[in-house]
Amino acid sequence: MVDTTFFKNNGPLSIEKIAEICEAQIKDESKKDEQIKDMATMGKAGEGEICFFYDKKAKAQAAEIKATACVTTEELAACVPAGVIILVAQNPKLAFLKLNKAFYSEVAPRADIARTAKIAPSAKIGENAYIGENVVIEENVEIGANCRIEHNAVIGRGCKIGNNCRIGANATLAYTIMGNDCYIYTGARIGQDGFGFMVINGKHERIPQLGRVIIGNDVEIAANTCVDRGALDDTVIGDGCRIDNLVQVAHNDKLGRGCVIVSQTGIAGSCTFGDYVVCGGQSGFADHLHIGSGAQIGAQSGLMRDVEPGAIVMGYPAVPIKDFMRQVSCVQKLAKK
């Protein structure tokens, strides 16, 4: 059961309403008015709760379901015990996501501006905003409607934030233009100096970083991730990107739409990613690489060359996935000799 100290339960919901949300069909229409108060895993769900069953490997566990209702597929419905209300969905995983959103929501603060927030007179704050304790909003910042700026966040001068955005506690933004519906998690650093130096007379002289960070719509950048601003060109994060915790995106990088970058990935400067590139955890990229749309990069891979669209690569240095598997197989055979 979800702890309602942290999340608001919006139930109970009728079976009929749940079927509508999940785009599912009720096996026994006479049960459509039954009330469900919560959702839980198959092993823990009990009376008044609903669970989800979509993994063929869990048939034995499914036989022990004690929930009032279960969302499953037509193929797996026969495995659910008698007496359990069955809802058949084409995609139970998607149904789970939809019902999760309907059943639970975070406890959101009401629109308010804390007395300890420091907001420059020239800043423009949209309607229905929440500004937390000790937030600093500098000159000429523009923040759209329905935004949530959490405690200790700092929004540097001239930044623009669209509507329905959330900036997590202790996050900092500078030299940034952001679209709508974005979420910058706690502790993220957006728009800091890129790592650019030149050796002059035996000393590392810093190269001024004069670009910006441009973030599209519906982007999530997770906790303690850093996105550096460009040197002259901008660093660009495309619409719908999802960037995990502890990722480094360097100056002048450009990510297309819908890219997924998993934690501890490091992308050196001036790399260009196409749309829907997926990078596994701890993958690393040399500078000035082009990664084609739809490419998939295995965890802990080291990229030193461009990657074709749709390619799946892995290893250090990264090679096509089939070549990587042959390498592993060869090493295993040699080790046994």
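The values are calculated or read from the model by the stated rules, or taken from the named source; none is laboratory data. Bear in mind the structure is a predicted one, so any value in this text is a computation, not a measurement. Here the Cβ positions follow ideal geometry from the backbone for every residue, glycine too, while neighbour counts run over all protein chains shown.
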Original post:
What pairs can you find where one residue is in the range 234-255 and over 13 Å from TYR183 (Cβ atoms), the other is charged (D, E, K, R) and modelled with pLDDT under 95, and their Cβ atoms are less than 6 Å apart, with a gap of 6+ or different chains?
Top reply: ASN252/ASP233
**OP:** Find the residue count for the range 181-213, including only residues that are touching a Leu at 6+ places or on another chain (Cβ under 8 Å), aliphatic (A, V, I, L, M) and either on the phi > 0 side of the Ramachandran plot or part of a loop (DSSP other than H, G, I, E, B) (or both).
**Re:** 1
**OP:** For the range 102-122, enumerate the residues that are assigned to a loop (DSSP other than H, G, I, E, B) and surrounded by 17 or more Cβ atoms within 10 Å (Cβ to Cβ).
**Re:** ALA117
**OP:** Working only within the range 38-55, note down all residues that are within 12 Å of GLY11 (Cα to Cα), out of contact with any Ser or Thr (no Cβ under 9 Å at 6 or more places or on another chain) and of a type outside the set (A, V, I, L, M).
**Re:** ASP38
Original post:
In the range 151-165, what residues are surrounded by fewer than 21 Cβ atoms within 10 Å (Cβ to Cβ) and not small (Gly, Ala, Ser)?
Top reply: HIS151, ASN152, VAL154, ARG157, LYS160, ASN163, ASN164
Subject >> Test result for GLY83, on the phi > 0 side of the Ramachandran plot and of a type in the set (Gly, Ala, Ser) >> reply: yes
**OP:** Only residues that are more than 20 Å from HIS251 (Cβ to Cβ) and within 18 Å of the chain's Cα centre (by Cα): list them for the range 163-177, please.
**Re:** ASN164, CYS165, ARG166, ILE167, GLY168, ALA169
Original post:
Which one is modelled with the lowest pLDDT, of the residues in the range 99-121 that are within 19 Å of ASP3 (Cα to Cα) and charged (D, E, K, R)?
Top reply: GLU106
Subject >> the range 11-41, subset surrounded by 14 or more Cβ atoms within 10 Å (Cβ to Cβ) and among the β-branched types (Val, Ile, Thr), residue nearest to THR72 (Cα to Cα) >> reply: ILE26
**OP:** Any residue in the range 90-102 that's without any contact (Cβ under 8 Å) to a residue 40 or more places away in the chain: show its pairings with residues that are outside any helix (DSSP H, G or I) and of a type in the set (S, T, N, Q) at Cβ separation under 9 Å, as long as the two are six or more apart or on different chains.
**Re:** ASN91/THR73
**OP:** Sort through LYS44, LYS8 and tell me the only one that's within 23 Å of GLU106 (Cα to Cα), loosely packed, with under 15 Cβ neighbours inside 10 Å and in contact with a Phe, Trp or Tyr (Cβ under 7 Å, 6 or more places away or on another chain).
**Re:** LYS8
Original post:
Is it fair to say GLY281 is modelled with pLDDT of 95 or more and over 22 Å from the mean Cα position of the chain (by Cα)?
Top reply: no
Original post:
Is it the case that some residue within the range 59-74 is under 26 Å from ASN10 (Cβ atoms), small (Gly, Ala, Ser) and over 26 Å from the mean Cα position of the chain (by Cα)?
Top reply: yes
Original post:
Does VAL331 qualify as being β-branched (Val, Ile, Thr) and either in a loop (DSSP other than H, G, I, E, B) or buried (at least 18 other Cβ atoms within 10 Å of the Cβ) (or both)?
Top reply: no
